[in-house]
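First the structure, then my questions, so here it is.
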Amino acid sequence: MHPLAKLDQRYVWHPFTQMRDWMRQEPIVIVEGHGSVLRDAKGREYLDANASIWTNLHGHNHPKLNAAIRRQLGKVAHSSALGLANEPASRLAEQLVDAANPQPAPRARGLSPRLEKVFFSDDGSTAMEVTLKLAYEFTRRAGHKTKLRFLSLEGAYHGDTVGAVSLGHIDLFHKTYSGLLFPTDKVMAPYCYRCPFNRAKPERADARDYRRCHWECLDKLEQKCSRQKKTGHPYAAFVFEPLMQGAAGMIPQPQGWLARAAQMARAHGALLIADEVMTGFGRTGCTIAGQGPSLHAMAGAEGVALSGGRRASRSGPDSSGIFACHQEGVQPDFMALAKGLTGGYLPMAATLTTQQIFGAFLGAYNEFKSFFHGHSFTGNQLGAAAALASLDMLRNPAAVQARGELADAMGHELKQLWPLSRVGDIRQVGLVAGIELVGDWRTRKPFPLSARAGIRVCEAMASRGVLTRSIGNVIVLMPPYCTKPEQLSRMVKVLRQAISAALG
């Protein structure tokens, strides 16, 4: 065993990891990375098929990001945001506000608030924690002082701090801590593949394309919001990941669901909280100026088979359209950002909100209206410098076009998985894909948790030089944007080999 692997096993406790199993085999120790390729301590190379847990946008060791951080290192690495401002954080806040308010403004059948204020924190969990505290206190100061409740989706995961966990509805992660949590409500998620209202028999296609239903999931949301409003205490906020729920198992929303859900929640007095930690910064595609989402951005809604040159080019890509909620014309009251904010280089997060919400925290010193919350590394200069460089790359028209082409290529490559009997559903939105493994595609019969189906497939992929991580029985493909077509083809080819080898 490599000496570094021995040190890890002796001292390191890994997140979301069954450590007894971890101790039984030598771990892969990453020491270097370039582009979409990672190298371990023994010199073996791997393709990074999940962008280092959904964070790395532009690839490892990117010269522009490296240069931005080095320039900032020559000035100052960090100074406190408590009582002090700094240049890169101020510039980053301006650019995030610009990106979060595209023109023309999205108007999904109603109010379109302008996001104008940015609160920096450390990661997705803390961005959501900030959001919850702000929404709670704003609603309380608006006159609803008791019985404030939040509504989120079944299978929701919004982070691991206590507040964020309270919004979550994955028992495997959250049930243990139920005694620490405040109560929140959940509503049916639009999980077309396993929806009890979907009367369609399984087909070899994305379940969103052949579903037969009457939007019963939206009826459930309407009923939930209406009942809560009748109590005299409407929901403080409706919380969602736009277009695709990540840790729930890469569950994509059928086209039109988000716009209608947002309209319903607003009509019943709830604020909207968009958790764009995973979906933001171009990961789910881009908008087309004056047209809404591009074809590749809606690959899931229109079918995974969107590929081979079907392009929306009448107005060209709008490089500012880098957030998922805008693809359905939804503008939230809060937007939580993290993961890809710095291009995957440094821990940094941001919560964006409106002037109205900011104003509720203004007052005389002795009124104590301040937002009493903070982090030691809030507005960190190195992270902000990396984020500014990342945003500059994201908005480059050539990069927008390249992301679209890579998403189309992914849809084309994924089609080769449909002949496998262990593949039940393939769902793609932009450059995010989830492949659900089943015992039999004809019945949608799931593998039991004890079968470790997803883990076994990922282990087989790693042995063949491709790294990713499963969510239960769902294999995730989320490559860096710099991934070459031949690298993407290899990722999918290895996935196919691994499914056959691990599951038969």
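The values are calculated or read from the model by the stated rules, or taken from the named source; none is laboratory data. Keep in mind that what you see is a predicted model, and the values were worked out from it rather than measured. Neighbour counts are summed over all protein chains in view; Cβ atoms, including those assigned to glycine, are modelled from backbone coordinates with ideal geometry.
I'm checking my understanding of the structure. Among residues of the range 456-504 that are polar (S, T, N, Q) and part of a helix (DSSP H, G or I), which one is surrounded by the most Cβ atoms within 10 Å (Cβ to Cβ)? Steps first, please.
Our first condition is that a residue be polar (S, T, N, Q); within the range 456-504, this holds for 463, 468, 470, 473, 483, 487, 489, 497, 500.
Checking which are part of a helix (DSSP H, G or I) leaves us with 463, 487, 489, 497, 500.
On the way: S463: 11, Q487: 18, S489: 15, Q497: 15, S500: 14.
Among those residues, the one meeting the criterion is Q487.
Residue under question is V429, and the condition is that it be under 30 Å from I357 (Cβ atoms) and touching a Lys or Arg at 6+ places or on another chain (Cβ under 9 Å); does it hold?
Considered against the rule, which asks whether it is under 30 Å from I357 (Cβ atoms) and touching a Lys or Arg at 6+ places or on another chain (Cβ under 9 Å), V429 comes out as yes.
Mind checking which pairs have a first residue in the range 33-60 that is β-branched (V, I, T) and a second that is crowded, with 22+ Cβ neighbours inside 10 Å and assigned to a loop (DSSP other than H, G, I, E, B), Cβ under 8 Å, 6 or more apart or different chains?
From the range 33-60, the pairs are T55/G344.
Considering each residue of the range 328-362, count those that are over 22 Å from Q72 (Cα atoms), under 17 Å from the mean Cα position of the chain (by Cα) and among the aromatic types (F, W, Y), and give that number.
So the count comes out to 1.
Of the residues K369, K445, K415, which single one is charged (D, E, K, R) and assigned by TED's automatic domain parsing to the domain that holds D122?
After ruling out the rest, the residue left standing is K369.
Let me ask something else. Can you name the strands (runs of 3 or more DSSP E) wholly within the range 77-193 that have at least 1 residues being in the same structural domain as H373 (by TED's automatic domain parsing) and surrounded by fewer than 20 Cβ atoms within 10 Å (Cβ to Cβ)? Full working, then the answer.
Details: elements: 115-121, 150-153, 185-187.
Because the criterion is at least 1 residues that are in the same structural domain as H373 (by TED's automatic domain parsing) and surrounded by fewer than 20 Cβ atoms within 10 Å (Cβ to Cβ), the strands (runs of 3 or more DSSP E) in the range 77-193 that meet it are 115-121, 185-187.
Name every residue in the range 169-197 that is closer than 15 Å to L218 by Cα and touching a residue at least 24 places away in the same chain (Cβ under 8 Å), in order of residue number. Break it down stepwise before answering.
At the first step, the residues of the range 169-197 found to be closer than 15 Å to L218 by Cα are 186-192, 195-197.
Residues satisfying the conditions are K186, V187, M188, A189, P190, Y191, C192.
Kindly provide the set of residues from the range 484-504 that are among the polar types (S, T, N, Q) and under 19 Å from A407 (Cβ atoms), ordered by number. Can you show your working first?
Looking only at the range 484-504, we keep the residues that are among the polar types (S, T, N, Q), and these are 487, 489, 497, 500.
Selection gives Q487, S489.
Another one. Tell me which of these R442 doesn't satisfy, since it passes every other one: (1) buried (at least 17 other Cβ atoms within 10 Å of the Cβ); (2) among the charged types (D, E, K, R); (3) outside any helix (DSSP H, G or I).
Answer for R442: the failing condition is (1).
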